[in-house]
Amino acid sequence: MFCVIAWVLAGRSDVIRYLPFLSSQANISDFPLHFLYRAYQAGDNQALALLSQRAIAENNAYWLHFAKLAGAPQAQQYFSHLQANNGRGKASRKALTYAAKRGDIDAQIALYHHWIAKSEPQKAQYWLKIAAQRDPASAVFYAKWLSLSGDEFEAIALLEKAQHLGSTHASRLLNMRIDPQKKELRKAEFATLKPQRTATHCAQQLQFVASTLQSVLQGEELIEQFKRDHRLQGLPICINTPIWLAANALTCSDNWQGAGRLGCDVTQLSQSLTRQRFTHVVVLAPVGKANVHNGVMFLDTEDDYNVFVHELAHFAGFVDEYPLSSALATAICTGGDAPNLRVSNANEKPDVHDWKKLINGKTLAISQSRTCDNHQAQAYKPSAKMTFMEFYDVPYIPQIYLQAWADRLTNKSLLTPAYINFYQGFDADGNAEQGGYWRSRYQQFLQAD
């Protein structure tokens, strides 16, 4: 035994002579990993791979972590498997925890995902918070977590840390912020996002507005999904870079003016939007029922892309195909020219001449819509199937709807831009100067080519 200890503790030049001995001891010893480690130090090209294999077999956290840091492919693959496997067992979690406590950023991130999958948010937050100190992507994600928790000040501070760590995403987000004092963008970034569209101009130019990091990220995701949505490729709709207001810059309510729906004081947006080129506004607020009112769309944090597309169609005058309330049905079902509906008296055929022109001689499918169920009139739609205007989660947009949508966007007199909402709000407040400004913007909109 004395000889074994002497050989193991010998210097590197001496140990090289005993590589065969170290390999044999690794096969018979109760502590093979130590002998493999010494062989690795002595330059044995196979020792690290053998050490990784044994550490994996024994699920030895210490040696797994060492092998991973040393660059052993088996150990790195093993950790990758652990990170990807949310159903990992106690032994696997122990290996990750060992590595995470010693600063392994991949293990820290893996444990965050593990505890999220296990519905243990406090444990998940613990590891995400630690990872956020060194990993820029984790810092951005933890900033969102803080924003969801209502801690907007800390969220912005962490986003700035992510920027310092090299996150281009964090930099882009911070450039969307409005200076609370100057009421202007921190950076002159007024360029419009340029999704690949077949349209040659922007009949509608949307401006997203948010007052929390959570909502800004929601807006980013909606924009990205819009850019990837092949159904809407032919529509002349463009979207600007979102604007991020201060947390207290916009007054909103889920029961705005007693209407039982989400709404905000849009006049508070005037200074922030004066220098922006836009026609319609999308306000992302905390909570409330999604709706469109005079060129402004209101969405809350729970509204997904399907809701956005449904409301986007309202910007072009499309009407809901589910039963409207009696009051709203009275306004809609007594006439009108919604792109997706025709209304007639009971037992009378609807006038579908315009729809037939859109399909160029093809068969026109017409069915009853439930829109006017609370009215004596009957509504019809140019589709035999349920569409996205009846249920948000139904992705079906008939081709004739897309044609009618594009056709509607070419007629500015039938569109309602947000300028109308602004000047009405200022007129109601008795602010003639601001009201006049937005009224002139509306006139310019109508007269522009």
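Annotations
- Selection count, segment 413-430, where residues are within 28 Å of His353 (Cα to Cα) and without any contact (Cβ under 8 Å) to a residue 40 or more places away in the chain: 1
- Scanning segment 372-408 for residues that are open to solvent by 30 Å² or more (accessible area, probe 1.4 Å), under 28 Å from the mean Cα position of the chain (by Cα) and aromatic (Phe, Trp, Tyr) turns up Phe391, Tyr392, Tyr396.
- Helices (runs of 4 or more DSSP H) within segment 103-164 that include 1 or more residues in contact (Cβ under 8 Å) with a residue 40 or more places away in the chain and within 18 Å of the chain's Cα centre (by Cα): 136-148, 152-164
- Hits in segment 409-449 (condition: surrounded by 15 or more Cβ atoms within 10 Å (Cβ to Cβ) and polar (S, T, N, Q)): Thr416, Asn421, Gln424, Asn431, Gln434
- Restricting segment 218-231 to residues that are under 20 Å from Ser149 (Cβ atoms) and crowded, with 20+ Cβ neighbours inside 10 Å, the residue that is nearest to the chain's Cα centre (by Cα): Gln218
- Residue pairs whose Cβ atoms lie under 9 Å apart, sitting 6 or more positions apart in sequence or on different chains, and linking a residue in segment 295-309 that is closer than 13 Å to Val394 by Cα and outside any helix (DSSP H, G or I) to a partner that is open to solvent by 10 Å² or more (accessible area, probe 1.4 Å) and of a type in the set (A, V, I, L, M), do not occur here.
- When segment 61-102 is filtered for residues that are within 18 Å of Gln133 (Cβ to Cβ) and either modelled with pLDDT under 80 or not in a helix (DSSP H, G or I) (or both), only Arg102 remains.
- Qualifying residue in segment 330-348 (condition: farther than 20 Å from Tyr401 by Cβ, open to solvent by 70 Å² or more (accessible area, probe 1.4 Å) and touching a His at 6+ places or on another chain (Cβ under 9 Å)): yes
- Breaking point among (1) over 17 Å from Lys68 (Cα atoms); (2) at pLDDT 70 or above, for Ile28: (2)
- Members of segment 372-425 found to be of a type in the set (Phe, Trp, Tyr) and either in contact with a Phe, Trp or Tyr (Cβ under 9 Å, 6 or more places away or on another chain) or assigned to a loop (DSSP other than H, G, I, E, B) (or both), listed by number: Phe388, Phe391, Tyr392, Tyr396, Tyr401, Trp405, Tyr419, Phe422, Tyr423
- Within segment 287-313, tally of residues that are touching a strand residue (DSSP E or B) at 6+ places or on another chain (Cβ under 6 Å) and open to solvent by 50 Å² or more (accessible area, probe 1.4 Å): 1
- Looking at Leu174, Leu148, just one residue is closer than 24 Å to Val209 by Cα, at pLDDT 95 or above and of a type in the set (A, V, I, L, M), and that residue is Leu174.
- Hey, Ala316 in contact with a helix residue (DSSP H, G or I) (Cβ under 7 Å, 6 or more places away or on another chain), surrounded by 15 or more Cβ atoms within 10 Å (Cβ to Cβ) and either of a type in the set (Val, Ile, Thr) or within 30 Å of Leu284 (Cα to Cα) (or both) or not: yes
- Qualifying residue in segment 355-371 (condition: outside any loop (DSSP other than H, G, I, E, B), modelled with pLDDT under 95, surrounded by fewer than 22 Cβ atoms within 10 Å (Cβ to Cβ) and of a type in the set (A, V, I, L, M)): yes
- Some residue of segment 232-249 being part of a helix (DSSP H, G or I), of a type outside the set (Val, Ile, Thr) and either modelled with pLDDT of 95 or more or within 20 Å of the chain's Cα centre (by Cα) (or both): yes
The values are calculated or read from the model by the stated rules, or taken from the named source; none is laboratory data. Just so it is clear, the model here is predicted, and its values are computed rather than measured. When we count neighbours, we look across all protein chains shown, and the Cβ atoms used for this are built from the backbone with ideal geometry, even at glycine. Ligands, DNA and RNA are excluded from the accessible area calculation, which covers all protein heavy atoms including side chains. Shrake-Rupley method; radii C 1.70, N 1.55, O 1.52, S 1.80 Å.
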